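Structure record follows, encoded as structure tokens.
The values are calculated or read from the model by the stated rules, or taken from the named source; none is laboratory data. Since this is a predicted model, take the numbers as computed values, not measurements. Here the Cβ positions follow ideal geometry from the backbone for every residue, glycine too, while neighbour counts run over all protein chains shown. These area figures cover heavy atoms from the full protein model, side chains too; ligands, DNA and RNA do not enter into them. Shrake-Rupley method; radii C 1.70, N 1.55, O 1.52, S 1.80 Å.
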Amino acid sequence: MTTPPSERTLIYAEDLRPEDVHALETFLNAQLGRVYEEVGETGETSFAMRSLLILVCDSAGLLHTLLVVERPEAWQRAAIVREWQRLRSTAHEFNHCEGYDHDRWWNQVRHFDASDETNEQDRIRRFADVGPRPEAGH
């Protein structure tokens, strides 16, 4: 018998809250900051760590901005999924560390909401049934 997923498990990006982004960003900053301290402030590894910290901050900032949009357009919905997945997959490497929220961050979030998932599945089925469209001019 399997246990139902936790109420906190993220399935869709529409379930994301600013607190989720803040918690994940804080966790990543702590982990990356710890590594940054170990490598020191000079050298290529240090530069790479600083760049990664900037990317985490930028991704989280974009997510915070997009999450307050009342009715996000398709590109905004896709950006929410992409940026959350980018942060989540970065944190995944630290899943053994204290503070990693397995319930919230373990599963990939591939769709904004259930209708987005259904539309994608329908598109895949249509593609499988019909095959790719011929390229223009051929």
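The magnitude of the dipole of segment 18-68, with charges of +1 and -1 set on the Cβ of Lys/Arg and Asp/Glu and taken from the Cα centre, is near 40 debye. Given segment 63-121, report the % of alpha carbon pairs whose separation exceeds 18 Å. Counting pairs separated by more than 18 Å, the tail of P(r) holds 42 percent. Along the chain, the longest continuous region that contains none of the GluC sites (Glu not before Pro) in a DSSP loop with at most 12 other C-beta atoms within 10 Å is 99-134. Relative to the Cα centre, the charge distribution of the chain, modelled as +1 at Lys and Arg Cβ and -1 at Asp and Glu Cβ, gives a dipole magnitude of about 400 debye. Think of segment 1-105 as a dipole: +1 on every Lys or Arg Cβ, -1 on every Asp or Glu Cβ, centred on the Cα centre; then among Val35, Ala48, Thr9, Thr9 lies furthest on the positive end. Rolling a 1.4 angstrom probe over the chain with all protein chains present gives an accessible area of which 53% lies on carbon and sulfur atoms.
The Cα-based radius of gyration of the chain, divided by its Kirkwood radius, gives an Rg/Rh of 1.08. Each of Thr26, His102, Leu62 was placed along the dipole of the chain (beta-carbon charges, centred on the mean Cα), and the one lying farthest toward the positive end is Leu62. Taken as Cα centroids, segment 45-65 and segment 4-43 sit 11 Å apart, rounded to the nearest whole angstrom. Highest GNM mean-square fluctuation among Arg125, Arg88, Arg77, for the chain modelled with Cα contacts below 10 Å: Arg125.
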